[in-house]
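Below is one structure, written out as structure tokens; the observations come after it.
The values are calculated or read from the model by the stated rules, or taken from the named source; none is laboratory data. Computed from a predicted model, the values in this text were never measured in an experiment. These area figures cover heavy atoms from the full protein model, side chains too; ligands, DNA and RNA do not enter into them. Shrake-Rupley method; radii C 1.70, N 1.55, O 1.52, S 1.80 Å.
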Amino acid sequence: MTKLHLSQEIIAKIAYVSLFAGKQDIRYYLNGVCLQNNAEGFFAVATDGHVLAYAKLGDKLRDDFEIILQNSTVKIIAACKDISGIDLEHNSTTSEVSIRTQEGTQTLKALGGKYPDWRRVVPQDDTAQIDNGQPLALKASNLALLDKAYKAFKKHNKGIGEVLTVKYYGQTRPVVFEPEVPDIKVLLMPCRR
């Protein structure tokens, strides 16, 4: 049994990355947010296969775990306005997730499956570059998600600024957007023409 306390700061980060999750993807494990804890830290990750967002929620907790929360579960978590946050319990045997707030407890199913190795698409070097004369092709709908995510985060954290840092690593690698929120990154995969 994995037990977590999600503060409002963590809830805000989960709400932010959730907007980049798959909606009705045939790869069902993409239709939610993965909470992952390992030696590198505690993360929330979401992707639809074209856009990936992740947030470091904290340092490594006790044991390693991976919980894939359904989008409907994440909406309940994101809607929490309780200043004290949420207590979450995951039973890996039954794949149930219990969310406890001041209003009561809800028990829902977690998504099964293994989440993709998202770290292999995250640039590990800091060699962002501007290609000489090479056009950058990004889908406008993906850029619109950045604005939507900003507005979702602002509901929980009024102090967020509107500035994004953009890092470009070449035509074959993702473009990395870093909002003025510590430890959140959004990767837009390059479009193929």
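Of all aspartates and glutamates in the structure, those lying under 18 Å Cα to Cα from Lys167, and not within fewer than 8 positions of it along the same chain, are Asp125, Asp126, Asp131, Asp147, Glu178, Glu180, Asp183.
Pairs from the table (Lys75/Lys114; Lys23/Lys109; Lys3/Lys109; Lys23/Lys75; Lys13/Lys114; Lys3/Lys151) lying more than 19 angstrom apart at Cα are Lys75/Lys114; Lys13/Lys114; Lys3/Lys151.
Computed with a 1.4 Å probe over protein heavy atoms only, the accessible surface of the chain comes to 54 Å² per residue.
What part of the accessible area of the stretch 15-105, given as a whole %, is carbon or sulfur when the probe is 1.4 angstrom? Don't skip to the end; give the middle numbers.
On the way: 2060 of 4210 Å².
The C+S portion of the solvent-accessible surface of the stretch 15-105 is 49 percent.
The mean sequence distance of close C-alpha pairs (under 8 Å, at least 6 residues apart), as a share of the length of the chain, puts its relative contact order at 23 percent.
Tell me the mean residue ellipticity at 222 nm calculated for the chain from its helices only (DSSP H runs of n ≥ 4, each -39500 (n - 2.57), averaged over every residue, nearest 500). Can you show the working numbers first?
Working: 3 runs with 36 residues, N = 193.
Taken over the chain, the calculation gives -6000 deg cm²/dmol.
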